[in-house]
Amino acid sequence: MRIPKQIKIGGLKYRVKVVKEIDKKDELSGETDNQKLIISLQSGQKQQALEVTFLHELFHAINLNLDEKEVEYLAMAFYQVMRDNPRVFKYGK
């Protein structure tokens, strides 16, 4: 999966940044700021972890009412479906 520099969610353009450090005290691997429309991903993760983190943050941006466990489950489950069915999720050339 390619991590984009921006993504449109619900008609809004979010910037996607891979950063050296997330500005939180918790050990987070990603963060979504729905006010500033920024998704931040912690650098230094293995590619698969970065991809799951990206999906996790997408689900946060899509639905603010999901709790952390729901988002984690959806991100992992959807990532596995995408990996197991690459032709279904391939667009363009």
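Considering only residues in segment 13-52 that are assigned to a loop (DSSP other than H, G, I, E, B) and closer than 26 Å to VAL81 by Cα, the one that is most open to solvent (accessible area, probe 1.4 Å) turns out to be LYS46. The residue that is nearest to the chain's Cα centre (by Cα), among those in segment 82-93 that are open to solvent by 70 Å² or more (accessible area, probe 1.4 Å) and not aromatic (Phe, Trp, Tyr), is ARG83.
Only one of the numbered conditions (1) closer than 23 Å to ARG15 by Cβ; (2) of a type outside the set (Phe, Trp, Tyr); (3) modelled with pLDDT of 95 or more is violated by MET82, and that is (3). Reported count of residues in segment 61-76, each being of a type outside the set (Phe, Trp, Tyr), open to solvent by 40 Å² or more (accessible area, probe 1.4 Å) and either in contact with a Pro (Cβ under 8 Å, 6 or more places away or on another chain) or not in a loop (DSSP other than H, G, I, E, B) (or both), is 7. Count of segment 4-22 residues, restricted to those that are free of Cβ contacts under 8 Å to residues at least 24 places away in the same chain and within 14 Å of ILE62 (Cα to Cα), is 2. When LEU55 is tested against (1) touching a strand residue (DSSP E or B) at 6+ places or on another chain (Cβ under 8 Å); (2) touching a residue at least 12 places away in the same chain (Cβ under 8 Å); (3) open to solvent by less than 80 Å² (accessible area, probe 1.4 Å), just one condition goes unmet, and that condition is (1).
The values are calculated or read from the model by the stated rules, or taken from the named source; none is laboratory data. Not measured: the values here are computed from a predicted model. Neighbour counts are summed over all protein chains in view; Cβ atoms, including those assigned to glycine, are modelled from backbone coordinates with ideal geometry. Surface accessibility is based on the protein's heavy atoms, side chains included, excluding ligands, DNA and RNA. Shrake-Rupley method; radii C 1.70, N 1.55, O 1.52, S 1.80 Å.
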